[in-house]
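The values are calculated or read from the model by the stated rules, or taken from the named source; none is laboratory data. Worth saying up front: this structure is predicted, and the values here are computed from it rather than measured. Because the Cβ atoms are built from the backbone with ideal geometry, glycine has one as well, and the counts that use them run over all protein chains shown. For accessibility, only protein heavy atoms count, side chains too; no ligands or nucleic acids. Shrake-Rupley method; radii C 1.70, N 1.55, O 1.52, S 1.80 Å.
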Amino acid sequence: MTTIAVAFRLLLLGLGSLVLVPLQMLALRLGWSVTLHVLPLWFHRALLKIFNVRVIERGTPPGKAPTIVVSNHVSWLDIPVIGSLHPLSFIAKSEIEGWPVVGFMATLQRSVFIDRQRRKATAEVNDALAHRLVKGEVIVLFAEGTTGDGNRLLPFRSSLVGAAQTALMHDSVERVLLQPLAITYTHRHGLPVTRRDRPFIAWYGDMDLAPHLKLFIRGIPLDVVVTWGEPMPFNGSRKQATAFAEAEVRRALSAV
């Protein structure tokens with residue numbers, strides 16, 4: 001991609017941000033519930049369109065029931081990919097909140113931040129998530145706890161699934177669903193993605209962000225398959241629910 005093409009795409013993204021970001025900030029301040037969910041959806045769709053990332057959706061996305069989406073995590077790009085499909089929020093590590101641009105955008109998405117260094121952090125986040133679930137919201141949990149390189153699935157962690165149990169303590173909540181989600185980047189420049197293509201897609205390990213973003217721009221267009229699994233009502237067992245979600249994600253990844 002030429003420098004002029006990159007500059008043009010960044011200009012388009014900047015112009016879109018100038019419109020959508022102030023509106024989202026105002027919606028957060030004034031509590032415009034519908035706008036809060038719709039504007040991030042538009043932003044993510046615009047970003048993917050501008051940078052030529054095609055999303056192929058399989059399965060049925062969450063409905064109106066309180067839902068924790070339990071997903072694998074390959075790249076920062078997972079957020080606009082998922083965020084372009086359905087109104088939802090994310091669970092993010094607390095360090096992201098302080099990152100330039102990325103942290104600000106995560107806040108606008110109404111992400112719930114967790115500090116893994118604090119013992120009480122999980123309980124506090126579970127309470128915050130339960131409050132969202134009580135209102136019928138959809139929350140995405142990247143259950144591996146970090147991004148991988150996309151070549152293998154890391155073990156899922158069960159601690160934050162406890163938010164479902166907390167939400168069920170409220171009289172207004174009859175059930176909370178856990179829905180598996182598998183993200184697979186399948187093609188780059190029309191060719192199947194191989195191990196060599198991972199640095200163009202995934203930001204992992206000790207990779208610096210700026211060089212990775214340059215690789216990403218060189219690596220587009222991209223195709224990504226998003227597979228929604230069948231939701232399961234939470235039965236009170238965090239470990240059982242997490243094991244179910246992990247098995248379903250592994251199955252979906254192997255089927256792509």
**OP:** Restrict the check to segment 220-229 and report whether at least one residue is hydroxyl-bearing (Ser, Thr, Tyr), crowded, with 20+ Cβ neighbours inside 10 Å and under 24 Å from Val161 (Cβ atoms).
**Re:** yes
Original post:
Out of segment 47-65, which residues are over 16 Å from the mean Cα position of the chain (by Cα) and either of a type outside the set (D, E, K, R) or within 18 Å of Phe90 (Cα to Cα) (or both)?
Top reply: Ile50, Phe51, Asn52, Gly59, Thr60, Gly63, Lys64, Ala65
**OP:** Return the pairs, sorted by first residue and then second, in which the second residue is in a loop (DSSP other than H, G, I, E, B) and β-branched (Val, Ile, Thr), the first residue lies in segment 87-114 and is at pLDDT 80 or above, the beta carbons are less than 6 Å apart, and the residues are 6+ apart or on different chains.
**Re:** none
Original post:
Listed residues Asn151, Asn126; which is open to solvent by less than 30 Å² (accessible area, probe 1.4 Å), of a type in the set (S, T, N, Q) and at pLDDT below 85?
Top reply: Asn126
**OP:** Output yes when any residue across segment 220-229 is closer than 22 Å to Gly63 by Cα, small (Gly, Ala, Ser) and either at pLDDT below 85 or assigned to a loop (DSSP other than H, G, I, E, B) (or both), and no when none is.
**Re:** yes
Original post:
What tally of residues in segment 65-86 results from selecting those that are free of Cβ contacts under 8 Å to residues at least 60 places away in the same chain and not hydrophobic (A, V, I, L, M, F, W, C)?
Top reply: 4
Subject >> Hits in segment 231-250 - residues which are without any contact (Cβ under 8 Å) to a residue 60 or more places away in the chain and open to solvent by 60 Å² or more (accessible area, probe 1.4 Å) >> reply: Pro233, Asn235, Gln240
**OP:** With the condition kept exactly as written, say whether any residue in segment 21-35 is touching a Phe, Trp or Tyr at 6+ places or on another chain (Cβ under 9 Å) and outside any helix (DSSP H, G or I).
**Re:** no
**OP:** Hey, could you check segment 1-11 for residues that are open to solvent by 70 Å² or more (accessible area, probe 1.4 Å) and free of Cβ contacts under 8 Å to residues at least 60 places away in the same chain and say which is nearest to Phe51 (Cα to Cα)?
**Re:** Leu10
Original post:
Which numbered condition trips up Phe43, out of (1) open to solvent by 40 Å² or more (accessible area, probe 1.4 Å); (2) more than 23 Å from Val161 (Cα to Cα); (3) of a type outside the set (A, V, I, L, M)?
Top reply: (1)
**OP:** Would you check which residues across segment 22-35 are open to solvent by 20 Å² or more (accessible area, probe 1.4 Å) and either of a type outside the set (Lys, Arg) or touching a residue at least 12 places away in the same chain (Cβ under 8 Å) (or both) and list them?
**Re:** Pro22, Leu23, Met25, Leu26, Leu28, Leu30, Gly31, Trp32, Ser33, Val34, Thr35
**OP:** All but one of (1) in a helix (DSSP H, G or I); (2) at pLDDT 90 or above hold for Val69, so report the exception by its number.
**Re:** (1)
